[in-house]
Structures are given as C-alpha cells and as structure tokens.
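Here is the structure we will look at.
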Amino acid sequence: MAKTLEFFFDFMSPPTYLAWTRIPGIIERTGCAVVWRPMLTLGLFQATGNRPPMTVPNKGKYSGMDLQRFARRYGVTLNPNPHMMDLKIVPPLRGAFVAQERGEFDAYARAMFEGMFLKGLNIGADDVWPKLLEDAGLDAAAYQAGIAREDIKDKLKANVQEAADRGAFGAPTFFVDGEMFWGQDRLDFVEEALKR
C-alpha cells in the first residue's frame, strides 16, 4: 500500500521550490499521496528561535550558490527573487488552503512558485497575486474571499504550530510515517522511506 508524504512548505523558500520540482517524479516512482501543508516559515523561525539564512551574510551567500548547484543538477531554473526582504507572502499561503478546497492546488502552486522563482515577482502584492491567479485560469475573486475567512487564517497558524511541535525548524520539512526530513537535499531519504 502506498504511503503518504506530508510536505510542509512556504512559497518564499527557494529550497521548497526545488523540492516541489522533484515531487512529481517521487509520486511516479513511489505511488505516494502528498498532503500539502502550507506554513509561514518566518512564523516557524519565531516559534523555534531559528533565523533566515539571508540574515547571516556568509550563510546567505553560500546558500544561494548551493541552491544554484542543485538547480543545475535538477535541470530547473531558479532565479533569485529581488523582493525577498519586502515579500508579501501571507496571502499566497492562505490561498493554498483555498486552492486545496477548490481542487486547484496543482495549478495554484505552479503559478505561485513560477511567479516567485522564474518571474521574480512579489507574489502576494495586491496588484500581482490576482493577476497570477487569473493567468492560471483561477477565480481571483473566490480566492480573495477565501483568504479573508477566519478558518483559513486559523489553518495557517495551526500548521506553523504543528510543524514546530513536531520538530520542524524550516522549509521544506517532510514527514513519512512520523519520521521527519528537512531540506530539499533530503528527498533521497524521503523516497527511501516511502518505499519501505
């Protein structure tokens, strides 16, 4: 019987984007089901005392180079987003819950990740997010209404807290049978766990 992969993610995370590009192959090879768990990484950092790599100059510089190495290995484009320091990320993360409810998560995630790491957009900006939705064939008005709902806001907060409670400290974080894996460079271990 195929296993389930829980994927705690944030659209602002370059490693999460790289992991997202590899998920279709993992699904094909393992038959796993993926449970997409949006979370605000900055909130997780606050909850766990962690810091974003970009706030540590040497770590930020190295991480950028290393991520480009992985992008080349995977044969994907990863463009640095110039809006990282003023990124409006909460609306897109809340929108992921709306997309799941509407059965449109794949199209939604593609629009957000490509907007972020191929087009270099501030994907949650008031003049950008609705256009990304419309360009993806999604109902921007329905998403705007959805992200204003209290239950959607509560789900995002709950995912951050659950991730912290389960030991997560950054994105992407994966769980298979309760075992945690952190980082896009741990997907080989994730796949092994899915095949056990």
>> Quick check on the stretch 106-159: of everything there that is farther than 17 Å from L87 by Cβ and in a loop (DSSP other than H, G, I, E, B), which residue is least open to solvent (accessible area, probe 1.4 Å)?
In response: L138
>> On the basis of being open to solvent by less than 30 Å² (accessible area, probe 1.4 Å), in a strand (DSSP E or B) and in contact (Cβ under 8 Å) with a residue 24 or more places away in the chain, does L5 make the cut?
In response: yes
>> Based on this model, can you work out whether A168 counts as touching a residue at least 40 places away in the same chain (Cβ under 8 Å), buried (at least 17 other Cβ atoms within 10 Å of the Cβ), small (G, A, S) and not in a loop (DSSP other than H, G, I, E, B)?
In response: no
> Yes or no: T21 open to solvent by 30 Å² or more (accessible area, probe 1.4 Å) and touching a residue at least 24 places away in the same chain (Cβ under 8 Å)?
Replying inline: yes
>> Can you tell me how many residues within the stretch 50-68 are open to solvent by less than 80 Å² (accessible area, probe 1.4 Å), of a type outside the set (V, I, T) and assigned to a helix (DSSP H, G or I)?
In response: 7
> Which one of A47, A33, A71 is open to solvent by 30 Å² or more (accessible area, probe 1.4 Å), touching a residue at least 40 places away in the same chain (Cβ under 8 Å) and not polar (S, T, N, Q)?
Replying inline: A47
>> Tell me yes or no: at least one residue of the stretch 187-195 is in a loop (DSSP other than H, G, I, E, B) and either in contact with a Gly (Cβ under 8 Å, 6 or more places away or on another chain) or in contact (Cβ under 8 Å) with a residue 12 or more places away in the chain (or both).
In response: no
>> For the stretch 18-36, which positions are in contact with a strand residue (DSSP E or B) (Cβ under 9 Å, 6 or more places away or on another chain) and either outside any helix (DSSP H, G or I) or closer than 12 Å to T173 by Cα (or both)?
In response: A19, W20, C32, A33, V34, V35, W36
> Just checking, how many residues over the stretch 81-101 are open to solvent by 90 Å² or more (accessible area, probe 1.4 Å) and at pLDDT 95 or above?
Replying inline: 2
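The values are calculated or read from the model by the stated rules, or taken from the named source; none is laboratory data. Quick caveat: nothing in here was measured; it's all calculated off a predicted structure. Every residue, glycine among them, receives a Cβ derived from its backbone with ideal geometry; neighbour counts consider all protein chains shown. These area figures cover heavy atoms from the full protein model, side chains too; ligands, DNA and RNA do not enter into them. Shrake-Rupley method; radii C 1.70, N 1.55, O 1.52, S 1.80 Å.
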